[in-house]
Amino acid sequence: MQDEESYIEKLKEDKVEFLQLQFTDIIGSVKSLTIPHNRFEDVIYNGVMFDGSSIVGYKQIENSDMKAVPELSSYTILTNENYAGKTVRFICKIFNPDGTRFEGDPRYILEKQVERLSKENKRINIGPELEYFIFNQDEEGEPTIEPSDYGGYFDKEPLDRSFTVKQEIIRKLEGLNYFPEASHHEVAYGQHEIDVKYSDAITMADRIIMIKSVVKETANEYGYYATFMPKPIKGVNGNGMHVHQSIFSGDENLFYKESTKHGLSDYAMHYLGGLLKNVKSSSLVLASTVNSYKRLIPGYEAPVYIAWANRNRSALVRIPSAAPKGKRLELRYPDSAGNQYLQFAAIIGMGLDGIENKIDPPDSIEKNIFEMNEEERKKYGIESMPASLGQAITAFKESSLMKEIFGDYIYNNLIRIKENEWADFRQYVTDWEINRYLDIY
C-alpha cells in the first residue's frame, strides 16, 4: 500500500483536480473515465467498476461487471490548456470481479510477451514512426479530406502551413516527458510524421494513446483535423507506423555483432527469421482495417512483399544504419489504426518464436522489389502479404502461433469482429462501382 500512499500524496502536491482513467477496447479505441478529487483515494486503492458489455471485445451483458485499476507508473500530467482543472492520466489494467486479470485486456496480452523477456533480464525497446494527415475543416467545423498544405517530403513553411501546429505538438510532448526526436512533412500533401525516443514496449504502447490524442487536439485548436487513417486519399501515400525494435540485456544490445555482414548477431537473425516466417498471419493485427489494404499496394512506399534488406526501403523489414547501441530492425508494414498493445505483442511473439526455434531468415534483398516481375520474385522466394482484410482473416485463422500469443479470448473475438467488418464492407456498393458499371450493364 506504500505506493498508493505516495501517489495520493503526489496528487495533492501537484494540486490535481481530476483523474482521467484510460484503457483500450480490442480494436484500439481509447476509453476514458473522469474522476473528481473527492474519489481519488478510493480509485487509487480499489479501482473503479464499469460495464464491460459496452466495450468492444470485452464481456457479454449477463456477466459484464469489470474493474479498471490505475497503473500508477503511468502517472501523466496532461497538457491540454482547455481542461477545467489540472488533470492526471492513468492507464488502467482490467480485472474480473474476482480479482483475476481479464484475458481480453489488450495491455495484459502485451505484458505477458514482455514478461517472457524480463524473466531472462532482457527488455525490448520500441521506437515507432507515426504518420498522419492534417486536413482542413469545413464551415461547420466538420473534417474534410482537403489537405492543409501542398508541401512534400521535408518541406518547410510557407509550403508547410502546419509548421506551427507541429511545433506545438512537440512542445506538448516535451511537457509529457515523451522525448520527441523529430517532426517533418511527409511525401503526400498535408501528411506529416512525428518520432519519439524509443522506450520499453509497454510504456511505448501507453504513450501512443496520448501522442495520437495530442496530435488530434492540437490540430483542432488551430482549426484543422488530424487523422491516422491508413489511406484517406486515393493516389497518394498512406499513413504507416514503422516499428523500430531491439532487445537489450542490461546495457548490451543483443542485436549487434560487429564481425557480421550486417552487424546483426545470431540472436537478431533468429528474431528476424521469426518475424518473416510468421508476419503474414499477423497482418490482421498489424493492418487491422479494410482501409489498411488500400495503403498496402505497390508504388506508394508501403511494403507488400515478405523480404528484408540492409537499406532497401521496399522491403518489409529494413536494417537502418546505426552505431552498435542503435542496431535494430525496422518493421515497415504496420499502421497505427489498430491496437498497439496487440501489435507489439504480435511482433514480440513472432520474434521470440524465431529465437526459440532458431529460425534463419532468407538472404537479404537489396534490389527494388517493386520493380521486379512475378517471375523474379518467385526466383528469390519472395511471398506477398495479404491483399485484403479477408485474406488477412484467413491467414490469422490458420496460425497456431497467433492463438498462442493472444489466447483464446482475444483470438476468437478478433476473428468475430473482423469477419463482421469484412462482411459489412463486401455488401457495400461503392461510388467506384456505380461509375464503372452502371452505364455499361
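The values are calculated or read from the model by the stated rules, or taken from the named source; none is laboratory data. Keep in mind the model is a prediction, meaning the values are calculated, not measured. For neighbour counting, all protein chains shown are included, and Cβ atoms are generated from backbone atoms with ideal geometry for every residue, glycine included. Quick note on the areas: whole protein, heavy atoms, side chains included, nothing else; ligands and nucleic acids left out. Shrake-Rupley method; radii C 1.70, N 1.55, O 1.52, S 1.80 Å.
Comparing Gly299, Gly57, Gly190 in a Gaussian network model of the chain, where Cα atoms under 10 Å apart are tied by springs, the biggest mean-square fluctuation is seen for Gly299. Using the 1.4 Å probe convention, the accessible area of the chain works out to 47 Å² per residue with neighbouring protein chains retained. Quantify, in whole percent, the carbon and sulfur part of the accessible surface of segment 8-148 (1.4 Å probe; protein heavy atoms only). After summing per-atom areas, the C and S share lands at 46 percent.
When you filter the trypsin sites (Lys or Arg not before Pro) in segment 350-414 for DSSP loop state and at most 12 other Cβ atoms inside 10 Å of their Cβ, you are left with Lys358. Ligands, DNA and RNA left out, the accessible area of segment 178-266 computed with a 1.4 Å probe is 49% carbon and sulfur.
Using the Cα gyration tensor of segment 1-159, with a ≥ b ≥ c the square roots of its eigenvalues, what is the shape: rounded (a/c below 1.5), prolate (a/b larger than b/c) or oblate (neither)? Prolate. Among the protein heavy atoms, those of Arg436 account for about 130 Å² of accessible surface (1.4 Å probe, every chain in place).
Using a Gaussian network model of the chain in which every pair of alpha carbons under 10 angstrom is joined by a spring, one finds that among Asp360, Asp251, Asp51 the greatest mean-square fluctuation is at Asp251.
For the pair Glu366 and Asn310, the difference between a 0.36 nm per residue extended length and the Cα-Cα distance amounts to 19.5 nm. Given the options Ile91, Ile208, Ile145, which has the most mean-square fluctuation in a GNM of the chain, springs set between C-alpha atoms less than 10 angstrom apart? Between Ile91, Ile208, Ile145, it is Ile145 that shows the largest mean-square fluctuation. The 3J(HN,Hα) values that the Karplus relation (6.51, -1.76, 1.60; θ = phi - 60°) gives for segment 198-209 are, in residue order, 4, 8, 5, 4, 5, 4, 5, 4, 4, 5, 4, 3 Hz. Gly and Pro appear as x.
First check a/c for the chain, with a ≥ b ≥ c the square roots of the eigenvalues of its C-alpha gyration tensor; if it is under 1.5, answer rounded, and if not, answer prolate when a/b is larger than b/c or oblate otherwise. Walk me through the numbers on the way to the answer.
On the way: a/c = 1.38, a/b = 1.20, b/c = 1.15.
Rounded, because the longest to shortest axis ratio a/c is under 1.5.
Apply the a/c threshold of 1.5 to the C-alpha gyration tensor of segment 324-398 and tell me whether it is rounded, prolate or oblate. Note, shape of segment 324-398 comes out oblate. Here segment 328-373 has 42 percent of its accessible surface on carbon and sulfur atoms, given a 1.4 Å probe and all protein chains in place. Heavy-atom accessible area, probed at 1.4 angstrom with all protein chains present, ranks Arg318, Arg171, Arg89 as Arg171, Arg318, Arg89, highest first.
The residues neighbouring Met210, those whose beta-carbon lies less than 12 Å from its own, together hold a net charge of +3 under the Lys/Arg +1, Asp/Glu -1 convention.
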